[in-house]
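Asks: Got a structure for you, written out below as structure tokens; questions coming shortly.
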Amino acid sequence: RNNKDYCRGALNEYFDVFTANLERFRLTEKEGEFDDKVIESIEQFVPYRNEAIWVFFSLAQYRDAPDTVEQLHRFFEGLLPYMYKPEHVSSYREWDFDNFRFIIHELFLYAVAGHLKYERFDAVGYLLRHQYYLEKSESAKMVPFSIIRQSMKSFEYRNKRLNLRRLSLRADLLVQRAKGSGLTDRQLMESDFVLYLRDCLDTIRYDVYQRWWPETLLYAERREGAFEIFARGQSQEYFNKLKRIFDIEKKSDLEPLLKAFQEGKLRVPTWEFESFSPSALLGFELLATRP
């Protein structure tokens with residue numbers, strides 16, 4: 001076997017083992033406050049999360065090839081069923097799978113962020129363009145990447161139960177956990193923003209429901225200016241690479257998006273008095289204005 005086949009086989013084996021072992025984190029204990037168990041499970045997962053992040057970054061840096069991103073796509077496809085009721089379970093509550101919903105969502109943010117960091121824009125475009133096969137107990141269908149972000153009722157309950165008065169416990173946790181990950185919280189927000197923009201573009205293109213809620217952008221307005229990749233996109237040459245994420249040809253292809261924001265046809269998230277400006281984070285005015 002040549003080295004390419006060996007690397008492909010080793011990566012498949014790692015992804016298969018990771019996916020199978022995630023079952024060990026299934027929450028079955030019903031005694032006590034369930035939200036405590038969700039938080040505990042998410043914290044216990046940190047070493048495995050960090051290992052996966054290292055793999056994502058290594059793939060982006062050293063294995064930028066079509067078959068590698070296909071493997072990464074299939075990996076997330078294999079994780080999707082964890083967010084839903086298993087076939088053998090008859091009695092359940094919607095929040096029984098909240099730890100998986102957080103874990104898989106966070107992993108996807110980092111997979112995209114790692115490829116953005118190393119400017120593997122074709123790979124990001126692949127992950128967002130191609131739908132995912134989801135086989136559940138009652139159905140099987142192709143779904144968009146936005147299915148990876150699911151609501152978490154246990155965090156809402158926890159916020160009320162402990163009277164924490166946080167705008168978003170989920171945003172707090174995602175941003176806090178960026179420390180020591182190899183990414184800054186700003187880079188994690190950039191990933192979230194890219195996913196939000198792509199989902200908004202697909203909402204317009206295919207006349208579908210807007211789905212992606214960019215949790216971490218609660219903190220975006222504390223920073224000034226466009227995210228790094230869009231600031232670099234002032235260069236036409238750089239923009240020509242960047243546009244592959246969104247399947248557009250030119251800057252003006254983004255204008256319907258901004259118009260839909262202005263007319264209220266697309267939702268810009270708000271958290272009480274907190275929000276953000278898509279146009280500002282995109283740096284739209286200066287995109288593709290230099291050679």
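Asks: Do we have any residue at all in the range 221-231 that's modelled with pLDDT under 95, among the acidic types (D, E) and out of contact with any Phe, Trp or Tyr (no Cβ under 6 Å at 6 or more places or on another chain)?
Replies: Within the range 221-231, one or more residues are modelled with pLDDT under 95, among the acidic types (D, E) and out of contact with any Phe, Trp or Tyr (no Cβ under 6 Å at 6 or more places or on another chain).
Asks: Given the residues E237, E224, which is the only one that is in a helix (DSSP H, G or I), farther than 19 Å from L127 by Cβ and open to solvent by 50 Å² or more (accessible area, probe 1.4 Å)?
Replies: Criteria check complete, one pass: E237.
Asks: Has the range 49-68 got any residue that is open to solvent by 50 Å² or more (accessible area, probe 1.4 Å), within 17 Å of the chain's Cα centre (by Cα) and touching a residue at least 40 places away in the same chain (Cβ under 8 Å)?
Replies: yes
Asks: Could you tell me how many of the residues in the range 266-279 are touching a residue at least 60 places away in the same chain (Cβ under 8 Å) and among the charged types (D, E, K, R)?
Replies: Here the count works out to 2.
Asks: Kindly provide the set of residues from the range 129-158 that are over 21 Å from Y92 (Cα atoms) and open to solvent by less than 30 Å² (accessible area, probe 1.4 Å), ordered by number.
Replies: Once the filter is applied, which keeps residues that are over 21 Å from Y92 (Cα atoms) and open to solvent by less than 30 Å² (accessible area, probe 1.4 Å), the range 129-158 yields Y132, V143, F145, S146.
Asks: Considering the range 47-84 alone, what residues qualify as being among the charged types (D, E, K, R) and not in a loop (DSSP other than H, G, I, E, B)?
Replies: Of everything in the range 47-84, those that are among the charged types (D, E, K, R) and not in a loop (DSSP other than H, G, I, E, B) turn out to be R49, E51, D67, E70, R74, E77.
Conditions tested, residue by residue: (1) farther than 18 Å from V268 by Cβ; (2) in a helix (DSSP H, G or I); (3) free of Cβ contacts under 8 Å to residues at least 12 places away in the same chain.
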residue: K179; (1), (2), (3): yes, no, yes
residue: R186; (1), (2), (3): yes, yes, no
residue: F193; (1), (2), (3): no, yes, no
residue: C200; (1), (2), (3): no, yes, no
residue: W212; (1), (2), (3): no, no, no
residue: Y219; (1), (2), (3): no, yes, no
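Asks: Then there is this: Can you go through S279, S252 and tell me which one is of a type outside the set (A, V, I, L, M, F, W, C), over 24 Å from the mean Cα position of the chain (by Cα) and either buried (at least 19 other Cβ atoms within 10 Å of the Cβ) or in a helix (DSSP H, G or I) (or both)?
Replies: S252
Asks: Which residue, of K160, K141, K117, is at pLDDT 95 or above and in contact with a Leu (Cβ under 9 Å, 6 or more places away or on another chain)?
Replies: K117
Asks: While we're looking at this one, here's another question. Being hydroxyl-bearing (S, T, Y), closer than 23 Å to S58 by Cα and at pLDDT 95 or above narrows it down to one residue among S191, S235; which is it?
Replies: Every option except S191 fails the conditions.
Asks: Next question. What pairs come out if I take residues in the range 226-253 that are closer than 14 Å to E190 by Cα and pair them with residues that are among the β-branched types (V, I, T) whose C-beta lies under 7 Å away, six or more apart or interchain?
Replies: Short answer, once both residue conditions are applied: L242/I229; I245/V124; I245/V194.
Asks: Can you pull out every residue in the range 12-36 that is part of a loop (DSSP other than H, G, I, E, B) and open to solvent by 80 Å² or more (accessible area, probe 1.4 Å)?
Replies: Correct list: T28, E29, K30, E31.
The values are calculated or read from the model by the stated rules, or taken from the named source; none is laboratory data. Source: prediction; values computed, not measured. We place every Cβ from the backbone using ideal geometry, glycine too, and count neighbours over all the protein chains shown. The protein model used for the area step is the full one, side chains on, heavy atoms only, and it has no ligands, DNA or RNA in it. Shrake-Rupley method; radii C 1.70, N 1.55, O 1.52, S 1.80 Å.
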